[in-house]
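Asker: Questions regarding the structure given below will be posed in turn.
The values are calculated or read from the model by the stated rules, or taken from the named source; none is laboratory data. None of the values given here were measured: they were computed from a predicted structure. Here the Cβ positions follow ideal geometry from the backbone for every residue, glycine too, while neighbour counts run over all protein chains shown.
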Amino acid sequence: MKYVSTRGDATPQPFCDILLEGLAPDGGLYLPETYPTVDDATLTRWRRLGYADLAVEVLGLFIDDIPDDELRRIVEETYTAERFGTPDITPLRPLGDSGILVQELSNGPTLAFKDMAMQLLGALFEYELGRRGETLNILGATSGDTGSAAEYAMRGRDGIRVFMLTPEGRMSPFQQAQMFSLTDPNIHNIAVAGVFDDAQDIVKAVSNDLAFKRAHRIGTVNSINWARLVAQVVYYVAGYLRATTDNDQAVSFTVPSGNFGNVCAGHVARSMGVPIDKLVVATNENNVLAEFFATGTYRVRSGAETHETSSPSMDISKASNFERFVFDLVGRDGDRVRGLFGEALATDGSFSVTPEEFDRVASFGFLADTSTHADRVATIEATWAQHGSLVDPHTADGLTVAARHVADGVPMIVLETALPAKFAATIHEAIGREPEIPERLAGLLDLPQRVRAMDADVSQVKAFIAETCA
Ligand SMILES: *Cc1c(COP(=O)(O)O)cnc(C)c1O
């Protein structure tokens, strides 16, 4: 299995060669040359498998340059009941007779769905770096979920260090405690005196210094990494198999979306032949995606137009994984994708697909809809009152939108992308009290914290990296 770029101008590469890379050299995103397909007999056989065994099978269709026994070891060490809280790994929780089931993806170490992919990524990085005899220094900026998921995935791993920049004093106490209580010597938290954009600018400045980047082997773990995406395909297959008893039955998924990474994995699963009817994209007030699926126009927002909402992990100005779907939508025409993303978007900040292309969207099962602050608060309240189930604000966006699109006889699975414990203020607004913190994290807020404070100054960050790596 080789991987090609959405802009059609990069040499096809095997999995392990794109694993440690972000963008393809032509500026595109990697996708498999063709999607592997699953037939009826395979789906039937998979019904008997637990999560890790299923993951070995699904990932094995995309990864043929890691020996089978190594891949099995990596997957079995990753998807354990200890790490993900339940032997089911991603259990389904029906909400009464609403036709909606919540698929729990947030029982991992940082209580958000990013653990599902990031934990596997950590193990894959360690494997590949060890094989090459190389090391990697991961540099990132975070205001929440991604940074903590990356640190919990990389902690204690050979050959990997993490340098994570956070805006000083701007994360919730829970998120700070999650990150700053890590004492592993390979994890370095840096609190920058500034806002998230200042931290992000420092990361960009370091990454643009190619000599420094090469000398200190700087890498990233952002959501365009193909390995993260393929890890997510597994839970769509698992959700499908557990919500149905035979392969004639289809399901739909509603996915709280920001960068389109999560729902893009659903698109891959559907393209493989998993019986998925609709893929419903739920956005918050930052409805870049809902606008595209309603109009065929994709318009990136400016910083000033990007709203700070109560589902902050979906506050995006552009959807970095969306290019992968558009590649498939335009018949995998790399020149066309380059014209849209490389040219029109770069000059106008927007593009429109042709009416013929837009007509094809429905055949991919996609729908999209927007949820607002008032919607999510009402949904949290109603889901709690009617079903005794407490959901986080992002999952509430999913439930709000799902309710508008449930069809008779088709189970609607809503992906639970975080646990309510992380978003106490909005939960309090909705139900008048604070969410419970899961038992295994009970003492978290009292643990000693370790963080290095720095000015929003590129040279200080570079000096610290250089000193640590020396
Ligand atoms: C990252 C995240 C999302 C958005 O996922 P995308 O892959 O960017 O679409 C939604 N909810 C939560 C809680 C997240 O952390």
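Asker: Can you tell me which residue is modelled with the lowest pLDDT among those in the stretch 283-321 that are of a type in the set (Gly, Ala, Ser) and over 19 Å from residue 361 (Cα atoms)?
Answerer: 303
Asker: May I pose another question? Quick one: residue 424 ticks every box in (1) within 14 Å of the ligand (Cβ to nearest atom); (2) at pLDDT below 95 bar one, so which box is it?
Answerer: Every condition holds for residue 424 apart from (1).
Asker: Do you know which residues across the stretch 436-448 are part of a loop (DSSP other than H, G, I, E, B) and either surrounded by fewer than 16 Cβ atoms within 10 Å (Cβ to Cβ) or within 14 Å of the ligand (Cβ to nearest atom) (or both)?
Answerer: Scanning the stretch 436-448 gives 436, 438, 442, 443, 447, 448.
Asker: Just to be sure before I move on: is residue 380 more than 16 Å from the ligand (Cβ to nearest atom) and either among the polar types (S, T, N, Q) or buried (at least 23 other Cβ atoms within 10 Å of the Cβ) (or both) in the structure I sent?
Answerer: It is false that residue 380 is more than 16 Å from the ligand (Cβ to nearest atom) and either among the polar types (S, T, N, Q) or buried (at least 23 other Cβ atoms within 10 Å of the Cβ) (or both).
Asker: Which residue pairs have Cβ atoms closer than 8 Å, lie 6 or more positions apart in sequence or on different chains, and pair a first residue in the stretch 106-133 that is under 19 Å from residue 233 (Cα atoms) with a second residue that is of a type in the set (Asp, Glu) and in a helix (DSSP H, G or I)?
Answerer: 106/115; 108/115; 112/145; 114/145; 123/77
Asker: Counting only residues that are buried (at least 20 other Cβ atoms within 10 Å of the Cβ) and over 22 Å from residue 438 (Cβ atoms), which one in the stretch 75-102 is farthest from the chain's Cα centre (by Cα)?
Answerer: Applying the filter and picking the extreme gives 100.
Asker: The conditions are (1) without any contact (Cβ under 8 Å) to a residue 24 or more places away in the chain; (2) buried (at least 17 other Cβ atoms within 10 Å of the Cβ), and residue 69 fails exactly one of them. Which is it?
Answerer: Status for residue 69: all satisfied but (2).
Asker: Quick test for you: out of 153, 141, pick the one residue that is over 17 Å from residue 449 (Cβ atoms), modelled with pLDDT of 95 or more and within 16 Å of the ligand (Cβ to nearest atom).
Answerer: Just one listed residue meets the conditions, 153.
Asker: When the stretch 216-227 is examined, which residues are found to be over 15 Å from residue 142 (Cβ atoms) and not small (Gly, Ala, Ser)?
Answerer: Step one: of the stretch 216-227, the residues over 15 Å from residue 142 (Cβ atoms) are 216-219, 224-227.
Hits for the stretch 216-227 are 216, 217, 218, 224, 225, 226.
Asker: Residue 291 - would you say it is out of contact with any strand residue (DSSP E or B) (no Cβ under 7 Å at 6 or more places or on another chain) and of a type outside the set (Gly, Ala, Ser)?
Answerer: Criteria not met by residue 291.
Asker: Considering every residue within the stretch 88-110, establish whether at least one is within 16 Å of the ligand (Cβ to nearest atom) and among the charged types (D, E, K, R).
Answerer: Within the stretch 88-110, one or more residues are within 16 Å of the ligand (Cβ to nearest atom) and among the charged types (D, E, K, R).
Asker: Across the stretch 392-433, which residue is surrounded by the most Cβ atoms within 10 Å (Cβ to Cβ) among those that are of a type in the set (Asp, Glu) and more than 16 Å from residue 111 (Cα to Cα)?
Answerer: My answer is 397.
Asker: Residue 314 passes all but one of (1) aliphatic (A, V, I, L, M); (2) within 13 Å of the ligand (Cβ to nearest atom); (3) within 27 Å of residue 9 (Cα to Cα); which number fails?
Answerer: Here residue 314 meets the rest and fails (3).
Asker: Here is a further query. What pairs can you find where one residue is in the stretch 322-340 and over 21 Å from residue 365 (Cβ atoms) and modelled with pLDDT of 95 or more, the other is surrounded by 23 or more Cβ atoms within 10 Å (Cβ to Cβ) and of a type in the set (Lys, Arg), and their Cβ atoms are less than 9 Å apart, with a gap of 6+ or different chains?
Answerer: 334/7; 335/7; 338/7
Asker: Also, quick follow-up: So which strands (runs of 3 or more DSSP E) are wholly in the stretch 238-335 and hold at least 1 residues that are under 22 Å from residue 106 (Cα atoms) and touching a Lys or Arg at 6+ places or on another chain (Cβ under 7 Å)? Break it down into steps so the answer makes sense when it comes.
Answerer: Working: elements: 251-256, 276-283, 297-299.
Those strands (runs of 3 or more DSSP E) span 251-256, 276-283.
Asker: Counting only residues that are farther than 25 Å from residue 223 by Cβ and not in a loop (DSSP other than H, G, I, E, B), how many does the stretch 77-100 have?
Answerer: Total satisfying the criteria: 5.
Asker: Those residues that are under 20 Å from residue 258 (Cβ atoms) and outside any helix (DSSP H, G or I), I need them from the stretch 166-188; list them, please.
Answerer: 166, 167, 170, 171, 172
Asker: Working only within the stretch 344-376, note down all residues that are of a type in the set (A, V, I, L, M, F, W, C) and surrounded by 19 or more Cβ atoms within 10 Å (Cβ to Cβ).
Answerer: Matches in the stretch 344-376: 351, 353, 366, 367, 368.
Asker: Being part of a strand (DSSP E or B) and out of contact with any helix residue (DSSP H, G or I) (no Cβ under 9 Å at 6 or more places or on another chain) is the filter; apply it to the stretch 397-413 and report the residue that is farthest from residue 240 (Cα to Cα).
Answerer: So the residue we want is 407.
Asker: For the stretch 383-395, what are the residues that are within 15 Å of the ligand (Cβ to nearest atom), closer than 13 Å to residue 93 by Cβ and part of a helix (DSSP H, G or I)?
Answerer: Result: 395, single match.
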